[in-house]
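Worksheet for the structure shown next.
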Amino acid sequence: MSSYELPLPHLRMTKKYEELETIRIRCLNCHKCSLGDTRNNIVFSDGIPNPKLMLIGEAPGFYEDKEGKPFVGKAGQLLDKIFESVGLTRKRDVYICNTVKCRPPENRNPEPNEKEACWEFLKAQIDIIQPKIILLCGNVAVQSILGNIGGITKIRGKWFNGGENVHGAKLMPIFHPSYLLRNDSREKGSPKWLMWQDIQEIKREFDKL
Ligand code: URA
């Protein structure tokens, strides 16, 4: 059973919301790749469709597929804590979606044909919302927007100027929270410490908008 929530009533009336809803319904009926046959729910988005900040993850996992919402498992809970550490919440500040909207079996990485099939939905989300900042969470999201520009360890925390595809948004690759869950150290230079630097830089940029 999906726990997808309709946005707050005042947002439901906006043109942006209606356009997103049209895309979500098209996605609900999508069977362009085989993930459409094994999913329980599509996982379209969560958070607020705001023009400031969007986060793009990889693909739904077990809990996301069950609930129809992105980042609700352990990794998602950590992601919420990371945002909250700088005063941001998904309900008020961030639109969250994934590169691929259906769960790949056994949580494997999405295949190229699956990413290709799903691109129209992600592209539509970007085109409708036109966020000023896009966080690319993990390698799959980085590759889908920036191509093969290097591993996440080298490029995380750097700003990239997005081209026309993303309406000139500023892009920052960040570690995926499931990687942080596997690396518990908080010492200087550790993935968690680096994430802390990155989220502060993101908040500085967010505050300028
Ligand atoms: N990991 C992702 O990249 N997305 C989710 O929605 C959940 C886990």
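Some notes on this structure:
- Unmet criterion (only one of (1) in contact (Cβ under 8 Å) with a residue 12 or more places away in the chain; (2) more than 17 Å from the chain's Cα centre (by Cα)) for GLY168: (1)
- Of all residues in the stretch 171-187 being over 15 Å from ALA141 (Cα atoms) and in contact (Cβ under 8 Å) with a residue 40 or more places away in the chain, the one that is least open to solvent (accessible area, probe 1.4 Å): LEU180
- Of the helices (runs of 4 or more DSSP H) lying entirely inside the stretch 1-101, those carrying at least 1 residues that are buried (at least 16 other Cβ atoms within 10 Å of the Cβ), of a type in the set (A, V, I, L, M) and more than 16 Å from the ligand (Cβ to nearest atom) are 15-28.
- Pair list, Cβ under 7 Å, 6 or more apart: the stretch 188-209 residue under 24 Å from TYR95 (Cβ atoms), other residue open to solvent by 50 Å² or more (accessible area, probe 1.4 Å) and not β-branched (Val, Ile, Thr): ILE199/SER85; GLU205/LYS170; PHE206/LYS52; LEU209/LYS52; LEU209/LYS132
- Odd one out for HIS167 among (1) in contact with a helix residue (DSSP H, G or I) (Cβ under 9 Å, 6 or more places away or on another chain); (2) farther than 20 Å from VAL94 by Cα: (2)
- Residue ID - farthest from the ligand (Cβ to nearest atom), chosen from residues in the stretch 133-151 that are surrounded by 20 or more Cβ atoms within 10 Å (Cβ to Cβ) and more than 11 Å from THR99 (Cβ to Cβ): ILE133
- Residue within the stretch 192-205 that is among the β-branched types (Val, Ile, Thr) and away from the ligand (no atom under 16 Å from the Cβ) present: yes
- Odd one out for GLY36 among (1) touching a residue at least 12 places away in the same chain (Cβ under 8 Å); (2) under 16 Å from the mean Cα position of the chain (by Cα): (2)
- Test: residue in the stretch 118-128 that is without any contact (Cβ under 8 Å) to a residue 24 or more places away in the chain and in contact with a strand residue (DSSP E or B) (Cβ under 6 Å, 6 or more places away or on another chain): no
- Screening GLU120, GLU114 for residues that are open to solvent by 60 Å² or more (accessible area, probe 1.4 Å), modelled with pLDDT of 95 or more and over 29 Å from TRP196 (Cβ atoms) leaves exactly one candidate, GLU120.
The values are calculated or read from the model by the stated rules, or taken from the named source; none is laboratory data. Quantities reported herein were computed from a predicted structural model and do not represent experimental measurements. Backbone-built Cβ (ideal geometry, glycine too); neighbour counts: all protein chains shown. Protein only, heavy atoms only, side chains kept; ligands, DNA and RNA dropped before computing areas. Shrake-Rupley method; radii C 1.70, N 1.55, O 1.52, S 1.80 Å.
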